[in-house]
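Before any comments, here is the structure.
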Amino acid sequence: MTDIDDAKDRVRAILAGISDLENELEEELHRREDAVLYQISNRKVRFESDIRAAHRRVRLAFTTWVRESQPRNVLSAPVIYAMVVPIAFLDISLSIYQALCFPLYRISPVRRSRFVVIDRHRLAYLNLIEKLNCVYCGYASGVLAYAREIAARTEQYWCPIKHARRAVGTHARYAEFVDYGDPEAFQQTQTRLREALAHDDCSRTDDPSKNTESMK
């Protein structure tokens, strides 16, 4: 086995370890549902009635919230909310793009609902403005995560090559890309990585670190 093959095996082992830890974290978070007295049913969060009543009692009144808000937060709010226009445009554009192109490339579609999660507005201890803020943040962050996964799958199809310089914040699929300056590996690996995209199981999470088996 060459040093390159050995390095690839170590990367796969690390990704498998990350996947195991994420599964363990998910199980622990589910166990916390009982600790905080809420349950998830049909994708809706339900609290016990007494807990919901306690949440309402600590909710900050709208007038109090406005009075205690820092001026810089109030003044910058229009700028923040104006960003919903390009984010919504990105959301629509991405959905159209993958609907038209992913079938041509035989890439499994990214499930938007796994990234855009909006549920914090149901918390009774938030006032109207706080709920609106949570809806906005859930939407904006979710769309950007959705965009990242669509871009990652596109990059894996067209250009699965690592950068010469270290890139900060790369997606999980990047670990399987071909080393910079290795033409033989690129020719051998590109087809395999493209075929792997067709078999991404969208019934599971869209986290690529959980789909590394299809890339081996």
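Every number here is computed from the coordinates shown, using simple stated rules; none is lab data. What you see is a predicted model, and the numbers here were worked out from it, not measured in a lab. Methodologically, a virtual Cβ is constructed for each residue, glycine included, from the backbone with ideal geometry; neighbour enumeration extends over all protein chains shown.
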In nm², what is the average projected area of the convex hull enclosing the Cα atoms of the range 60-215?
11.8
The range 126-133 - phi-based ³J(HN,Hα) in whole Hz, Karplus 6.51/-1.76/1.60, Gly and Pro as x:
9, 7, 4, 5, 5, 5, 4, 4
For V178, residues with placed amide H under 5 Å, excluding near neighbours
I161, K162
Using Cβ contacts closer than 10 Å as the measure, can you line up E155, E24 from fewest to most?
E24, E155
Once normalised by the length of the range 60-215, the mean sequence separation of its alpha carbon contacts under 8 Å that are 6 or more apart gives a contact order in percent of 24
J(HN,Hα) series, the range 104-110, from Karplus relation 6.51 cos²θ - 1.76 cosθ + 1.60, nearest Hz, glycine and proline x:
5, 8, 6, 9, 4, x, 7
Backbone N under 14 Å from the A77 label point (7 Å along Cα→Cβ), restricted to the range 109-136:
127-136
